[in-house]
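A quick write-up on the structure given underneath.
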There are 2 protein chains.
Amino acid sequence: MSNVSEQSALSLRDLRDCQQWLSMNTATLGYRQPIQQTVESVAKAGFGALAPWRQEVETPDVNVSALAKQIRDAGLAVSGYVRTAYFAGENAQVRQAALEDNRKALHIAAELDAACYVAVVGGLSTDKPGIDDSRQAILDGLLALGETAQEVGVPIALEPLHPMYAANRALLNTLAQARDWLHILQAEYPEQFGVVVDAYHVWWDPQLEQGIAELAGNIMGYHVCDWLSPTQDMLLDRGMMGDGVIQLPELRAMVEATGYARFVEVEIFSAEHWWKMPVDEVLTVAIERLLQVC
Amino acid sequence: MSNVSEQSALSLRDLRDCQQWLSMNTATLGYRQPIQQTVESVAKAGFGALAPWRQEVETPDVNVSALAKQIRDAGLAVSGYVRTAYFAGENAQVRQAALEDNRKALHIAAELDAACYVAVVGGLSTDKPGIDDSRQAILDGLLALGETAQEVGVPIALEPLHPMYAANRALLNTLAQARDWLHILQAEYPEQFGVVVDAYHVWWDPQLEQGIAELAGNIMGYHVCDWLSPTQDMLLDRGMMGDGVIQLPELRAMVEATGYARFVEVEIFSAEHWWKMPVDEVLTVAIERLLQVC
C-alpha cells in the first residue's frame, strides 16, 4: 500500500483541506438502511457529498423533492446519480424501454442536483451478431439520451468498466475507448457527456497515465476502492482503500494533473466484509483511508 | 455463437483440411491421467499436436526422452511447453530461482521439440514499490532468459493475460503491450521472442483487430476456448468453444490475416464441468467444436 505522506514527490490536493469533495457512494454501505437515514449518517461522518443509487431513491417510500431538500439541508452535494439502465438487451424493445427509463432517471438526477448521471453502459445485446454491433447499439442509446440530458442540465458520465465485465455489464472497457466514444458523442452534444474514472476498473491499464491525460477536461468523477489479491468474486469482493494493490496516490495525481479538482468518491461492493460491518464503522474507516492512503 | 459455415465472408483456413494443426492443451483434460496416456488419447481423437504442462512432465515418473519419442511416434507435434515460472515474486532471490527454473524448462522444451515455451509472466512483485517496477522486473527476467532460449533453439511466447489476472498472474495484459514488449526484447534477441494470442484473454479488446495486426510475423500460437456469461470463477470457469460469447471465426480470421497458419490450440480450465467429464468425451467435443464454431 502506498501512503500519501510518503508520496511527497506527487502533486496532490491535501484532502484534509477539501473534505467537501469527499463523497460516499451508497453501494458501499450495502443498501441496508433507508436513503434518508444514509444521508444523515454520511453527513455526520464528515463527507461532503454522496452518490445515491436509483434503487434507493425511486421507490414509493421516497419523495424525491423532500429527499433533495434533506440532502441540501445536511450540507451534502450529490456527486452522481447511480446508474443507467443498460443500453443493451435482448431486442430493440428492451433497449427502448431502458432508454425511457434512463430519461426518467435524468429528471430525478436533476431534481437531486446531481453532478452527473453515471452510465454503466451494458454488455452484449443478444440479438446482435457481434461485439461491434453491440457497441454501436450502446452508442446509439447514449446519443438518444443526449437531448434529455441537455434539457434537464445533467451530464452523462461514461464509466469504463474493467474488461472482466465486458460480456454482461459494460462494453466500454478502457480509458482510450472512453476518449474515442466521447469524440463521437460530443460531436452531437458538446456539453452532455463526460467520463468517470474508477481506480478499480483502470489501475491495470498499461497506458494508464496517457489514458487519463487524454481525458483532460472531461473527467466528471473519480471513484476509489482497492483491488484485493486474490479477488474471490468478480463483482462483490472489492476492497477498502489501502487493503489492496492499487497505487491510489499515484492514480489520483494523474487525475488531478488533468486539472480535476472535484469529488473523490468511495465505491465498494463487498458482500462478505464491508456490507457486514456497521454502517457508521464503514463510514469512519472510509474517511480515515481517504485521508491516509488515497 | 457464430458458426463457421455462416461466416462465408471471412477468409479462414478450413480446419478440416489441416487437422495436423489442431492442438490440445492438456490443462483442458484436468491433469487426471498420466501424460503418456494423454498422448495416446489426444492422438486417437484426431489432434495433430498437444501442449503439455510442466507439472505433468517434470516428475520422477516421466523420462523426458522417452516421452518425446512417444509423442513423435504418435504423430503429434508439441505446439508449446506450458508454462514459465512467474518473473515476479517476494524478492530478488525468488525471482532468481524462477529464472533458473525457467532455464531448466527451456532445455526440456527443446528435448520435446516444442514450438515455443509459453510465458505467463507473473503479477506484482511485492518488494517493488509499484506496478511499473513490477513490470520492469518481468522484462528483466525475460531478457535474462533470452540467451538460454537462443542456446536451446526454443523461442519464448509471451501470453498477454486478461486484465483480471494483472495482480497475481500476469502484468502483460493487452496486445498493444505485447507489441511494445516485443520491441524491447527483440532488440536484444531478434529471434527468441514471440506472442501467443488466446481468445479468452483478448476478445473484449476495443482495439482487437489492430492489436492482432500489429503482431504480424510474431504470433507463435493461437489458443481458443470461450467466455461464459456469466462467469462463475475468475480462473476455472472457462467454456468450450461455442458455449460462450466470443466470435471465434472472426477472431481466427484476424489472426490468420497476419499470415499465421499454424496451431489452433484448445485450452480450457473448467473445474466444475469439463474436468468432470470423461477425457475421451472432452477430446471428441473439442474436435467437433474446432471444426464447427472456431
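The values are calculated or read from the model by the stated rules, or taken from the named source; none is laboratory data. Predicted model, so just to flag it, every value in this text is computed and none were measured. All Cβ positions, glycine included, derive from the backbone under ideal geometry; neighbour counts span all protein chains shown. Only protein heavy atoms, including side chains, enter the accessible area calculation; ligands, DNA and RNA are left aside. Shrake-Rupley method; radii C 1.70, N 1.55, O 1.52, S 1.80 Å.
Scale the Cα Rg of the stretch A:29-118 by the rule-of-thumb value 2.2 N^0.38 Å and send over the ratio, two decimals.
For the stretch A:29-118, the normalised Cα radius of gyration comes out at 1.15.
Let me know the volume per residue of the alpha-carbon convex hull for the stretch B:65-214, in Å³.
Each residue corresponds to 114 Å³ of Cα convex hull volume.
Determine by what factor the alpha-carbon radius of gyration of the stretch B:1-154 differs from 2.2 N^0.38 Å, reporting the quotient.
Relative to the 2.2 N^0.38 Å estimate, the stretch B:1-154 comes out at 1.22.
Long-range amide H contacts for A:ILE246: which residues qualify at under 5 Å (H placed 1.01 Å from N, peptide plane, sequence gap of 5 or more or a different chain)?
A:TRP227
Which number comes out as Rg/Rh for the protein assembly as shown once both Rg and the Kirkwood Rh are worked out on C-alpha atoms?
For the protein assembly as shown, the value is 1.00.
What translational D, rounded to a whole number of µm²/s, comes out for the stretch A:136-294 from Stokes-Einstein when the hydrodynamic radius is the Kirkwood one over Cα pairs, at 25 °C and 0.890 mPa s? Before the final figure, lay out the partial values.
Values: Rh = 16.5 Å.
Estimated via Stokes-Einstein, D reaches 148 µm²/s.
Can you give the direction-averaged projected area of the convex hull of the alpha-carbon atoms in the stretch B:77-116, in nm²?
2.5 nm²
Suppose we flag GluC sites (Glu not before Pro) only when DSSP calls them loop and at most 11 other Cβ atoms lie within 10 Å. Which is the longest uninterrupted stretch of chain A?
Longest site-free region, per DSSP loop and neighbour criteria: A:91-190.
So which residue, out of B:ILE35, B:ILE212, B:ILE184, gets the largest mean-square fluctuation from a GNM of chain B using Cα contacts under 10 Å as springs?
B:ILE184
In what sequence, largest accessible area first, do B:LYS44, B:LYS276 appear using a 1.4 Å probe? Can you show the working numbers first?
Values: B:LYS44 165, B:LYS276 130 Å².
Solvent-accessible surface, decreasing: B:LYS44, B:LYS276.
Assume the label is 7 Å from Cα along Cα to beta carbon: what separations in nm does A:GLN292 have to the matching positions in the other copies?
For A:GLN292, the other copies' label points sit at 5.6 nm, shortest first.
Under a 5 Å amide H to amide H cut-off, with H placed in plane at 1.01 Å, what residues pair with A:MET24 once short-range neighbours are removed?
A:ALA49, A:LEU50, A:ALA51, A:VAL266
Do me a favour and compute the ellipsoid semi-axes for the stretch A:84-152 from its Cα gyration tensor, root of five times each eigenvalue, largest one first, whole Å. Before the final figure, lay out each step's value.
Numbers: eigenvalues 110, 21, 18 Å².
Semi-axes from the Cα gyration tensor: 23, 10, 9 Å.
Counting only Cα, what are the radius of gyration and maximum Cα-Cα distance Dmax of the stretch B:214-294, in Å?
Rg then Dmax for the stretch B:214-294, in Å: 13.4, 40.
So, with a 1.4 angstrom probe, what is the percent of accessible area on the stretch B:20-81 that is carbon and sulfur?
51 percent
From the backbone phi of the stretch B:195-211, what are the Karplus-calculated ³J(HN,Hα) couplings (6.51 cos²θ - 1.76 cosθ + 1.60, θ = phi - 60°) in whole Hz, Gly and Pro given as x?
Here the 3J(HN,Hα) series is 9, 9, 9, 10, 3, 4, 7, 10, 4, 7, 5, x, 10, 4, 5, 5, x Hz.
Going through the cross-link list A:LYS44/A:LYS276; A:LYS128/A:LYS276; A:LYS276/B:LYS276; A:LYS69/A:LYS128; B:LYS128/B:LYS276; A:LYS128/B:LYS44, which pairs have a Cα-Cα distance over 32 Å in this structure?
Among A:LYS44/A:LYS276; A:LYS128/A:LYS276; A:LYS276/B:LYS276; A:LYS69/A:LYS128; B:LYS128/B:LYS276; A:LYS128/B:LYS44, the Cα-Cα distance tops 32 Å for A:LYS128/A:LYS276; A:LYS276/B:LYS276; A:LYS69/A:LYS128; B:LYS128/B:LYS276; A:LYS128/B:LYS44.
Which cross-chain or sequence-distant (5 or more) residues have an amide H under 5 Å from the amide H of B:HIS223, H modelled 1.01 Å from N in plane?
HN-HN under 5 Å from B:HIS223: B:VAL197, B:ASP198, B:ALA199, B:GLU265.
Distance between Cα centroids, the stretch A:92-119 to the stretch B:227-266: provide it in whole Å.
About 35 Å separates the Cα centre of the stretch A:92-119 from the one of the stretch B:227-266.
Considering the Cα trace of the stretch A:197-242, what is its radius of gyration and what is Dmax, both in angstroms?
12.1, 36
Return the distance in nm (one decimal) between the two label points of a simple spin-label model at B:GLN136 and A:MET277, each offset 7 Å from Cα along Cα→Cβ.
My value for the distance between the label points is 3.4 nm.
For the stretch A:25-31, take each phi angle, set θ = phi - 60°, evaluate the Karplus expression 6.51 cos²θ - 1.76 cosθ + 1.60, and give the result in whole Hz per residue in order, putting x for glycine and proline.
7, 5, 4, 4, 8, x, 6
As an exercise, use a Förster radius of 30 Å and the Cβ-Cβ distance of B:GLU147 and B:LEU10 to find the FRET efficiency, rounded to the nearest 0.05.
0.15
Tell me the label-point distance for the pair B:HIS183, A:LEU291, using the 7 Å Cα-to-Cβ offset, in nm and rounded to one decimal.
Using points 7 Å along Cα→Cβ, the separation is 4.5 nm.
Run the 1.4 Å probe and let me know the accessible area of A:ARG135, rounded to the nearest 10 Å².
The accessible area of A:ARG135 comes to roughly 20 Å².
Report the per residue volume, in Å³, of the convex hull enclosing the C-alpha atoms of chain A.
Convex hull of Cα atoms, per residue: 122 Å³.
For the stretch A:155-237, go through all pairs of different Cα atoms, get the mean of 1/r, take its inverse, and jot down that Kirkwood value in Å.
Its Kirkwood hydrodynamic radius stands at 13.3 Å.
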